[in-house]
Amino acid sequence: MEKISFSDWQKLDLRVGKILEVEEIEGSDKLYKLKVDIEESEPRTLVAGLKKNYDKKKLKGKKIIVIANLESSKIRGVISNGMLLAAVSEDESKIVLLEPESEIETGTRIRWIY
């Protein structure tokens, strides 16, 4: 496992997000297009490979952890403006979203505690 410095870890902007909308991406058997609120002026679009593990109806309203300061990338013709965090089995057969364990405001920063 490669180690990173604490200052590298500090560069990540992790936020609590709330999934507002979930859409199918035409031609994909594993991707969803998500609209996610992280308390910015507009919701963000994220593309995530959750289709095999999550029904889109169960995703709507779910609070998740978002990496907010990644460069945008184009996936299947959709611009993705961030990434969500999930635990993923080695063969990717099991994906479990990381979620706050109790209620907390959307947009809250995830950070270290001394």
Excluding ligands and nucleic acids, what accessible area in Å² is computed for Leu20 using a 1.4 Å probe, to the nearest 10?
60
Quick one: ranking Lys60, Lys18, Lys51 by accessible area, 1.4 Å probe, largest first, what do you get?
Lys60, Lys18, Lys51
Surface accessible to a 1.4 Å probe, per residue, for the residues of the chain, Å²:
70
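For the chain, what does -39500 (n - 2.57) per DSSP helix run (n ≥ 4), summed and divided by total residues, give at 222 nm, in deg cm²/dmol to the nearest 500? Don't jump to the answer; show the numbers that get you there.
Details: 2 runs with 9 residues, N = 114.
Dividing the helical sum by the residues of the chain leaves -1500 deg cm²/dmol.
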Candidates per GluC sites (Glu not before Pro) in the stretch 1-106, loop by DSSP, up to 10 other Cβ within 10 Å
Glu2, Glu26, Glu71, Glu90, Glu101, Glu103, Glu105
Candidates for mean projected area of the Cα convex hull in nm² are [x] 7.0; [y] 6.6; [z] 8.4, and the calculated one carries label [z]
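Tell me, what is the percent relative contact order of the chain, built from C-alpha pairs under 8 Å that lie six or more residues apart?
29 percent.
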Can you list the HN-Hα couplings for the stretch 83-99, worked out from phi with the Karplus curve (6.51, -1.76, 1.60; θ = phi - 60°), rounded to whole Hz and with x for Gly and Pro?
8, 9, 9, 8, 8, 10, 5, 3, 8, 6, 7, 10, 10, 10, 5, 7, 10
Students sometimes get this wrong: rank Lys94, Lys57 by accessible area, probe 1.4 Å, all chains present, largest first.
Lys57, Lys94
Place a label point 7 angstrom from the Cα of Lys11 along the Cα-to-Cβ direction, then list the residues of the stretch 51-87 whose backbone nitrogen is under 15 Å away.
68-72
Viscosity 0.890 mPa s, temperature 25 °C: what is the translational diffusion coefficient of the stretch 48-87 from Stokes-Einstein with a Kirkwood Rh over Cα pairs, rounded to a whole number of µm²/s?
213
Global geometry of the stretch 70-114, whether rounded, prolate or oblate, following the gyration tensor of its Cα atoms and the 1.5 cut on a/c
oblate
For Lys94, which lysines qualify as cross-link partners when the Cα separation must be under 22 Å and same-chain residues fewer than eight apart are set aside?
Lys18, Lys30, Lys33, Lys51, Lys52, Lys56, Lys57, Lys58, Lys60, Lys62, Lys63
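The values are calculated or read from the model by the stated rules, or taken from the named source; none is laboratory data. Every value quoted in this text rests on a predicted model; they were computed, and no experiment measured them. Methodologically, a virtual Cβ is constructed for each residue, glycine included, from the backbone with ideal geometry; neighbour enumeration extends over all protein chains shown. Note: accessible area is taken over every heavy atom of the protein model, side chains too, but ligands, DNA and RNA are not part of it. Shrake-Rupley method; radii C 1.70, N 1.55, O 1.52, S 1.80 Å.
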